[in-house]
Each structure stands twice: as C-alpha cells, then as structure tokens.
Amino acid sequence: MPDNLRFELLAKAGYAARGIVFLLIAGLALFSGVTGGKPETKSAISTLLEQPFGRIWVGMIGLGLFGFVAWRLAQSFADSDGHGSTAKAAVIRVALLGSAVTYAGLATYAIGHALSGGGGSEEAGEKGLAQWIMSQPFGSYLAIAVGLGFIAGGIVTSAKGVTRKFEKYIHVPDRKGILSLICIYGLVARGVVFAVTGILFAYAGFRVDPQQAGSMSDALDWLRQLPLGSILYVAIAAGLAAFGIYNLIEARYRIVRGPTIKDVKRAIPLRGG
C-alpha cells in the first residue's frame, strides 16, 4: 500500500472517530434528562464504555483519534493543506497544532480507559487549563487572551460554514443538497459553542476565578438561560450532531494529501548549502 494511501486512511479514520464522539455528545445533550451524562467529550467516551463491547469501541475511537492527531500535525508543521506562510496562515496552523494537542489528550484518555475499563474523572479540561494559566505571571490577562482566541475560533468556524469554505477541501457530490446543508449547520453550531466557551473563559480571567471557565456543557447551559433558550439549546445540540455527521462526511470525501519532503522544506526553510 502506498505511503500516501496509508496516511489518507489514518486521517479519515480520525475524522470518523471525531464524528462518533460528537454524535455521542449531541445525544447526551439532547437526552441529558434520561442519560444523566454531561455533553462533554470525556463523558461521551465514558458513556460508550458502559455499553456492550464498550472497551473495544472506545479503544477503536482512541486509535482513530491518534490518526486525527497525526493529520493535524501534518496540517500544522508540514502545511499539508497548503495554507502558506502568511500571518493568517500562521494563525491557522497554530490553531491546528492546538487541536492536535487537545485530541491527543482525548485519545490518551480513551485508550487508557479501554485498557483499564475504569470510568475515571469526566471533568472537562477547561477549568484545569484556566487554573494553570492563572498560576502564571499575568495569568488573568493570559486567560482573557485565550478566551478571545476561543471566540475568534468560533467566529472562524461558523464563517467557514456560512461561506462554504469547507468545500475547498471536501468534494461533496451534491453541493446544493442535504449533505452540504448538514455541513453548514454543523460548523455554525460548533462555532457558537466555541465562542460561548471563549466568553466564559475570558470572564474567568476577568474575575480571576478559574472555576468560572466554561466547558462545552457549561456553554450549552449558558445558552439555555437566554431568552428562548430552550429552543436555542435544542438547535445547537442538534447542530453538534450535524457537526458529527460533517466529520463523517469528511471521513468519506475529505481531500487528504500526506506530507512530502517538499512540504517539510516549505514549512521549515533550510538555510545555506
């Protein structure tokens, strides 16, 4: 099997794993009164762990997420998507690196629990991250900056859906059909959750209180408290399911180009010789 094909399978397995995780999160959000679980990534993994053959499924998801991490690293360091070396491209590639770190943690969590079978802590990492940041010099300002970064990321994610920029990398067969609409809906919903998480994170920095930092579950609860919040909550929760399906669409139709020597030289220019 050619190396590029192996890498494509690795990346697409990662998209499929992320899609399954977000479908589980959406299920927990929509049926929280029945399941009792929080709509968080770790809670979704723990819920799946309790099902028949749960350890096998969780282990497969963990392995898939490591494939997603490898793809994110290729996007960041080797510029596999060809963003270039402009200031805007640098921001995008740093964000992709941050995504790799986040999913590496989730993949490790999944593999560890698949092997041990234990439930462990399901608490999201945002409060722990906020606590660590605020323990640093000028920590509260850093927390506000991170929150603003989340907000910017949310705006960019939603805009990616509204402007259909995702079609640059995904060859959806029917560009005006239901699959494209699902992609748009999912990206907008994910962007809203990102932005609200950023607002809560920035507020934590402003109050110098890491416990105010919000997770995905906190973001959804915050939305529920707004006028017509129940309707908005259901719409965004369903949108997270759409985002899960969007990832499954990426697993099928995403253009994946494995890193080459040329990519590496472009990403890390060699001097001399």
Practice task
For segment 174-211, enumerate the residues that are assigned to a loop (DSSP other than H, G, I, E, B) and touching a Gly at 6+ places or on another chain (Cβ under 9 Å).
Solution key: 208
Exercise for the section: Starting from segment 10-22, keep only residues that are more than 26 Å from residue 217 (Cα to Cα), then list their pairs with residues that are of a type in the set (A, V, I, L, M, F, W, C) and surrounded by fewer than 24 Cβ atoms within 10 Å (Cβ to Cβ) whose Cβ atoms are within a distance under 7 Å, requiring at least 6 positions of separation or different chains. Expected result: 10/70; 11/256; 12/251; 12/256
Practice task
Could you please give the count of residues in segment 136-157 that are at pLDDT 90 or above and over 20 Å from the mean Cα position of the chain (by Cα)?
Solution key: 0
Exercise for the section: Kindly indicate whether residue 163 is surrounded by 20 or more Cβ atoms within 10 Å (Cβ to Cβ) and modelled with pLDDT of 90 or more. Expected result: no
Handout entry: Meets criteria (surrounded by 22 or more Cβ atoms within 10 Å (Cβ to Cβ) and modelled with pLDDT under 85) for residue 110
Key = no
Handout entry: Residue that is modelled with the highest pLDDT [pool: residues in segment 195-236 that are small (Gly, Ala, Ser) and over 15 Å from the mean Cα position of the chain (by Cα)]
Key = 235
Practice task
Please go through segment 166-178 and pick out each residue that is of a type in the set (A, V, I, L, M) and surrounded by 14 or more Cβ atoms within 10 Å (Cβ to Cβ).
Solution key: 170, 172
Practice task
Test residue 160 against the criterion of being without any contact (Cβ under 8 Å) to a residue 24 or more places away in the chain and either within 19 Å of the chain's Cα centre (by Cα) or under 21 Å from residue 231 (Cα atoms) (or both), and give yes or no.
Solution key: no
Completion exercise
Note on segment 37-90: residues surrounded by fewer than 22 Cβ atoms within 10 Å (Cβ to Cβ), aromatic (Phe, Trp, Tyr) and assigned to a helix (DSSP H, G or I) are 57, 66, 77
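The values are calculated or read from the model by the stated rules, or taken from the named source; none is laboratory data. Keep in mind it's a predicted model, so treat the numbers as computed, not measured. Note: ideal-geometry Cβ built from the backbone for every residue, glycine included; neighbour counts use all protein chains shown.
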